[in-house]
1. In this structure, is ARG155 in contact with a strand residue (DSSP E or B) (Cβ under 6 Å, 6 or more places away or on another chain) and on the phi < 0 side of the Ramachandran plot?
2. Quickly run through segment 122-153 and pick out the residues that are hydroxyl-bearing (Ser, Thr, Tyr) and open to solvent by 60 Å² or more (accessible area, probe 1.4 Å).
3. Scanning segment 112-121 for residues that are within 17 Å of TYR151 (Cα to Cα) and open to solvent by less than 80 Å² (accessible area, probe 1.4 Å), which turns out farthest from the chain's Cα centre (by Cα)?
4. Please enumerate the residues belonging to segment 112-143 that are in contact (Cβ under 8 Å) with a residue 12 or more places away in the chain, part of a loop (DSSP other than H, G, I, E, B) and either closer than 17 Å to PRO82 by Cβ or touching a Phe, Trp or Tyr at 6+ places or on another chain (Cβ under 8 Å) (or both).
5. Under 8 Å by Cβ, and 6 or more places apart or on different chains, what pairs join a residue from segment 144-156 that is assigned to a loop (DSSP other than H, G, I, E, B) with one that is at pLDDT 90 or above and aromatic (Phe, Trp, Tyr)?
Amino acid sequence: MTNRVHIDAPAGVVEIEGEKDFVEGLLGKLFPLIEEVGFGSRPRSTVSTDPIADPVSDVADEVSADATETSKKRVRKSVKQPPAGQSCPARIQILKEEGFFKEHRSPADIVEALKTKGWTHNLNQVGAATSQMFSKGIIQRTKVGKGPWQYFWDRG
């Protein structure tokens, strides 16, 4: 008896013929690989019933399937970074370097201090920036009662 192996990857078909030891040995090696890569996991509707499939149509099917997948994906908008030194955290850092945070300051105080320098930032921007700066250890914060966070810097 001759040993024969036929693998049709697009259809997910594996045919092994031969002696019992050959078939069992090959199955033992192939099963982990087949399960790991999801062999034959293509939907049945795109699998050709013709045993001699046209390779050009298979490629066209794969390309059209890929095109529909990419058209369904959500396109992310690019986030435009402000020039260096002009972001809200960078401007708060300037206030810190000038000693503004020697006293406890609320986000509203920070907005007003930025406004006096001619920089317009709203409360949400300042809140996000100070929270991020606190996470990085650039600024300290404390909670006084049920009020908003109070930001300060008492280290060197």
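1. Criteria not met by ARG155.
2. Answer for segment 122-153, where residues must be hydroxyl-bearing (Ser, Thr, Tyr) and open to solvent by 60 Å² or more (accessible area, probe 1.4 Å): just SER135.
3. ALA113
4. LYS117, TRP119, HIS121, ILE139
5. Matching pairs, first to second residue: TRP153/PHE101.
The values are calculated or read from the model by the stated rules, or taken from the named source; none is laboratory data. Every value quoted in this text rests on a predicted model; they were computed, and no experiment measured them. Neighbour counts run over all protein chains shown; Cβ positions are idealised from the backbone, glycine included. The area values use the complete protein model at the heavy-atom level, side chains included, leaving out ligands, DNA and RNA. Shrake-Rupley method; radii C 1.70, N 1.55, O 1.52, S 1.80 Å.
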